[in-house]
1. Find out how many positive minus negative residues lie around A:LYS171, taking Lys and Arg as positive, Asp and Glu as negative, among other residues whose Cβ is under 10 Å from that of A:LYS171.
2. Counting only heavy atoms of the protein chains, get the accessible area per residue of chain A (1.4 Å probe) and round it to a whole Å² value.
3. Taking the Cα atoms of the stretch B:184-281, report the difference between the largest and smallest coordinate on each principal axis, in whole Å and largest first.
4. Ignoring ligands and nucleic acids, what accessible area does A:THR233 show with a 1.4 Å probe (Å², nearest 10)?
5. Give me Rg/Rg_expected for the protein assembly as shown, where Rg uses Cα atoms only and Rg_expected = 2.2 N^0.38 Å with N residues.
6. Inside 10 Å of the C-beta atoms of A:208-216, what's the mean count of C-beta atoms belonging to other chains?
7. Quote to one decimal, in nm, the extra length available between A:ALA119 and A:HIS150 on full extension: 0.36 nm per residue of separation minus the C-alpha distance between them.
8. Say each of A:ILE9 and A:GLU220 gets a label point 7 Å from the Cα, pointing the same way as Cα to Cβ; how far apart are those two points in nm?
Amino acid sequence: MIRPVLEVIDLCKSFPVRSPFGRLTGEVKAVNNVSFSIGRGKVYGLAGESGSGKSTIARMIMGLTPPTSGDILLDGEDIGSTGGSPAHRRKVQMVFQNPGSSLNPRRSVSQSITVPLHANGLPRADRARRVTELLDMVQLPASYAERYPHELSGGQKQRVAIARALAVAPKLLVLDEPTSALDVSVQAKVIDLLVDLGRQLDLTFLFISHDLSLMRNFAEKVGVLYLGSLVETGRTSVVFENPRHDYTRLLLASVPVVSAEEEAMRPRIPLIDGEIPTAEQLLALRKAGGGEA
Amino acid sequence: MSSALLSVRDLHVDFTTYNQTHKVLKGINLDIPPHSQIALVGESGSGKTVTMKAIMGLLRQPLARITAGEMYYDGRDLLTMPDKERVALRGTAMSMIFQDPMTSLNPVFTIGDQMRTILKYADRRLGRTRSARERKVRVLEVLGQVRMRDPERVFQSYPIMLSGGMRQRVLIAMALLSEPKLLIADEPGTALDVTTQAQILKLMKDLVEERGLALLMITHNLGVVRETCSYVYVMNKGVVVEHGSTADLFAAPQEDYTKALIAAVPRLTGETRFGTVEAMR
């Protein structure tokens, strides 16, 4: 059997809750027994709303936050011991949501891309060539190397961020809402680029988003996160066409769509009041005629 | 004059920076009939926000200059009316719902304080008088209209004590305080989660229908347009490239730009081909 690039097993993360005077008063389970794996060259989507734990999972995979319990296997190796080490960072890189704030405004494009090259020990003489090569990969002209972030459009900045993430030739790219700050036409081009790069470089993606329509078109498999737990997983087409969990149905029912065909596949359930629904509200929804699930 | 509540004719706006002049709006025509839900949709830089600011009279002059065109609200000429009348219209007859519920509320005053102040000044502009007690009653009434379960508690809360969706509702309540006829919403709900956004859109739609308001929705999200509006204007680079009823425009877009824009939206059904959007820009 081929080993998956990323395996997450029973991952948990809880944060302490403290009173204003620093006394421990409880804990929040931000991530609760999450398990999934991504095969080589695949795109896995994590869907969820704010507070669902999707960014915490990304941070743990990146080695930025230690898990409370559970294992993260990258290429079969437990990152528990190597979390955040150069060897770990060479395998996994991240593209953040807002390129406006994830690029250092005081660094030119080539300086930004050179940082990981330097950390990776690439000889100084080869760096300029590699920068050009990376810019070419993200379809930016080599002349952009000397530009500063404020001279670039949103889509161009995100391309630079992608180039920077690819600098160390990682196997896994974690994409945290990579296009939510972009216009639709720009979003389409960036996703197009990611699909191409994935094929060319045999990259594996973990795609984190709340945009279900985008996820449907980009991720082969999807996991729906609700209050820290994966409530539904499976092939994207199957989950979207036949959602089984009430929360997935609610999410799908909430997506604003642009065609009658989409409207037809959207579950018809009444929208609830308030924020992220509680288990009781979900149950009430089902009783209110939410359907046969 | 036409029967439209608001009509914009051939509006041109220039921005002057250093020694350059940019033509930002190049002849916008727009009609908002009473009780209608109209969308102005476009990508960043298309001029939709400038159009909205021109309508509200919020363009910063002399940086921005209306070089040509006419605007009528209820048959009254907005561009030639005295400043005092113009100010009296703003926030009363035409009201705005702002985009970001996190930043458009003042963090150091309670919701009640902020809403009472708005009402006080709106009353003053309209030459109405209302006692402090009556103002509070009105504020609580409007908070109830935006489906707050406990208006009294919200009244006493600071913005930080409310969730994003609640704050967005407060902004809607603020816009409704003086019983406007025209609501202008700038990207409502974009800062919120999908399920919350869906609620907010439904709330706005219900309110507009119940109270017989006209709605001008400014957004870049085509899905939101389709859910809430009956007529659409598509903007690109300072011009309206296409307009029509929502049903027609989505079913059979005529212009290349509109076609490409709709094609770029990822579909829930999963048949989006990302490679097909080269026609844009």
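1. Local net charge: +1.
2. That works out to 45 Å² per residue.
3. Result, largest extent first: 41, 28, 22 Å.
4. Result for A:THR233: roughly 80 Å² accessible.
5. 1.04
6. On the way: counts 0, 0, 5, 2, 3, 9, 6, 3, 7.
Across the residues of A:208-216, the mean count of other-chain Cβ atoms within 10 Å is 4.
7. Value of the extension gain: 8.7 nm.
8. 2.3
The values are calculated or read from the model by the stated rules, or taken from the named source; none is laboratory data. Everything quoted here is computed from the prediction, not taken from an experiment. In this analysis, Cβ positions are derived from the backbone assuming ideal geometry, glycine residues included, and neighbour counts consider all displayed protein chains. Surface areas here come from the heavy atoms of the whole protein model, side chains and all, with no ligands, DNA or RNA. Shrake-Rupley method; radii C 1.70, N 1.55, O 1.52, S 1.80 Å.
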